[in-house]
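Heads up, the thing below is written out as structure tokens.
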Amino acid sequence: MARTLINAPRTARKGDVMEIRTLIAHPMETGYRAGADGRTLPRDIIRRFACRYNNELVFSADLYPAISANPYLAFQVVADASGTLTFTWEGDNGFAQTESATITVS
Amino acid sequence: MIASRAALALIAALLAWAGAAGAQDPAKPRRSGFDTMSPRIQAMQRDDLQNPGMLWVADGEVLWNKIFGISFSCAHCHGDAKQSMRGVAARYPDWDPVEQRPVDLSQRINLCRTRHQLVMPLPPESVELLDLEAYVANQSRGMPIAPSSARELEAPRERGRALYTQRIGQLNLSCALCHDQRPGHVLAGATIPEGHINGYPTYRLEWQGLGSLQRRLRNCLSGVRAEPPPFNSTEMVELELYLAQRSAGMTIETPAVRP
């Protein structure tokens with residue numbers, strides 16, 4: 001399990017624009033670098049990030065080798081209903097991580 | 001007679017100049033590496049959610065409360081690190097009366113492991129050691145560096161100062177030549193910082209990860225094409241000891257972000 005830091009508001013008013021910020025620990029190895037033994041290190045990156053709001057996809061991003069290690073992603077979501085925000089990161093070597101945050105909308 | 005007196009005065013003036021050349025200019029306020037980096041990287045450091053170093057700090061908090069083997073967690077003895085570790089990183093490296101030598105913060109953590117937790121020390125630059133060091137040092141964020149005043153540290157600190165001003169490597173440079181005399185100038189495309197140690201362990205964009213002060217020192221030493229001393233060698237700790245004195249009073253930024 002990779003360490004993640006997620007900043008999402010716990011409460012919001014309906015119609016508010018919420019800023020969601022996420023950070024995840026990941027090496028994002030490009031697949032172009034040589035290791036200490038001179039051999040190319042195999043690519044190991046996160047390929048896709050998605051945020052679902054009550055199971056509805058509200059934001060997603062494709063990630064590529066040029067993105068730095070420990071990628072930080074920030075985006076905005078309109079507060080619609082109380083429920084759960086689910087964050088998933090998927091990548092090479094079967095990397096898959098899911099985190100969630102609950103939000104109360106009044 | 002007058003001529004020889006004038007010559008003596010000239011020699012004295014030259015000696016004073018040569019002595020002063022090794023030190024920082026006391027008239028200028030010291031500047032943290034933070035002040036000379038781009039606003040974007042500054043913003044990255046200021047915001048705990050953008051600062052990737054906080055990933056290590058968060059893992060360190062978990063390790064602080066983790067029981068190792070059959071013995072204690074750090075928290076068993078030290079309690080809440082937010083109180084017990086506040087200001088601790090500010091005084092390291094400190095004198096260890098049992099070992100009879102100065103030890104830096106990561107060595108102190110390992111001594112706690114071998115003495116009290118009865119587990120193997122963590123290897124230098126290992127993720128777990130950096131986690132714990134970052135977590136402990138983060139508790140002193142915002143406090144001034146306050147080096148220990150133990151008398152035993154005077155001699156090793158002086159040896160550290162000598163190492164700092166000694167020309168070494170194929171490029172024949174000393175630390176002082178760049179970091180005391182030419183900060184703000186450009187070396188190989190990068191701005192030379194004043195070389196303060198107020199943000200370690202530091203997240204370096206070049207490393208794409210968190211690293212210790214010793215790792216940074218070894219970088220610089222191989223940069224001047226000198227043979228870097230091994231991790232935790234006496235020279236390394238003595239150099240850290242002098243650098244802490246040199247940066248005394250500056251605000252701790254751990255985990256800092258640097259280009």
>> What's the number of the only condition in (1) at pLDDT 95 or above; (2) in contact with a Pro (Cβ under 9 Å, 6 or more places away or on another chain) that A:Thr98 fails to meet?
In response: (2)
> Could you give every pair whose Cβ atoms fall below 9 Å, whose first residue belongs to region B:198-222 and is farther than 19 Å from B:Leu241 by Cβ, and whose second residue is hydroxyl-bearing (Ser, Thr, Tyr) and surrounded by fewer than 22 Cβ atoms within 10 Å (Cβ to Cβ), counting only separations of at least 6 or pairs across chains?
Replying inline: B:Leu205/A:Ser68; B:Gln208/A:Ser68
> Which of the residues spanning region A:28-48 are more than 14 Å from the chain's Cα centre (by Cα) and either more than 14 Å from every other protein chain (Cβ to nearest Cβ) or aliphatic (A, V, I, L, M) (or both)?
Replying inline: A:Gly31, A:Ala34, A:Gly35, A:Ala36, A:Asp37, A:Gly38, A:Arg39, A:Thr40, A:Leu41, A:Pro42, A:Arg43
> Of all the residues that make up region B:52-73, how many are away from chain A (no Cβ under 14 Å) and under 23 Å from the mean Cα position of the chain (by Cα)?
Replying inline: 1
> Within the group A:Glu19, A:Glu99, which residue is within 11 Å of the chain's Cα centre (by Cα) and either away from every other protein chain (no Cβ under 12 Å) or part of a strand (DSSP E or B) (or both)?
Replying inline: A:Glu99
>> Considering only region B:191-209, I want to know if a residue exists there that is part of a helix (DSSP H, G or I) and away from chain A (no Cβ under 14 Å).
In response: no
>> With the requirement that a residue be under 28 Å from B:Phe34 (Cα atoms) and of a type in the set (Lys, Arg), what does region B:94-144 give you?
In response: B:Arg108, B:Arg141
> Looking at B:Asp94, is it under 21 Å from B:Thr251 (Cα atoms) and at pLDDT 95 or above?
Replying inline: yes
>> Can you pull out every residue in region A:22-49 that is outside any loop (DSSP other than H, G, I, E, B) and under 24 Å from B:Asn51 (Cβ atoms)?
In response: A:Thr22, A:Leu23, A:Ile24, A:Glu29, A:Asp44, A:Ile46, A:Phe49
> Can you tell me which residues in region A:57-89 are among the β-branched types (Val, Ile, Thr) and in a loop (DSSP other than H, G, I, E, B)?
Replying inline: A:Ile67
> Which residue out of A:Ala25, A:Ala74 is within 20 Å of B:Gln208 (Cβ to Cβ), within 13 Å of chain B (Cβ to nearest Cβ), in contact with a helix residue (DSSP H, G or I) (Cβ under 9 Å, 6 or more places away or on another chain) and of a type in the set (Gly, Ala, Ser)?
Replying inline: A:Ala25
> Out of all the residues in region B:219-231, which are part of a loop (DSSP other than H, G, I, E, B) and surrounded by 18 or more Cβ atoms within 10 Å (Cβ to Cβ)?
Replying inline: B:Val224, B:Ala226, B:Pro228, B:Pro229
> When you go through B:Thr165, B:Thr191, B:Thr202 one by one, which is the residue that is among the β-branched types (Val, Ile, Thr) and crowded, with 20+ Cβ neighbours inside 10 Å?
Replying inline: B:Thr202
> Restricting attention to region B:27-45, which residues are assigned to a helix (DSSP H, G or I), more than 13 Å from chain A (Cβ to nearest Cβ) and in contact with a helix residue (DSSP H, G or I) (Cβ under 9 Å, 6 or more places away or on another chain)?
Replying inline: B:Phe34, B:Asp35, B:Gln42
> If only one of B:Ala146, B:Ala90 is away from every other protein chain (no Cβ under 14 Å) and part of a loop (DSSP other than H, G, I, E, B), which one is it?
Replying inline: B:Ala146
> Out of region A:1-16, which residues are buried (at least 17 other Cβ atoms within 10 Å of the Cβ), at the interface with chain B (Cβ under 9 Å from one of its Cβ atoms) and part of a loop (DSSP other than H, G, I, E, B)?
Replying inline: A:Arg3
>> Please go through (1) loosely packed, with under 15 Cβ neighbours inside 10 Å; (2) away from chain B (no Cβ under 14 Å); (3) acidic (Asp, Glu) for A:Asp80 and return the number of the only condition it doesn't satisfy.
In response: (1)
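The values are calculated or read from the model by the stated rules, or taken from the named source; none is laboratory data. Model, not experiment: these values are computed from the prediction. Every residue, glycine as well, gets a Cβ built from its backbone with ideal geometry; the counts of neighbours run over all protein chains shown.
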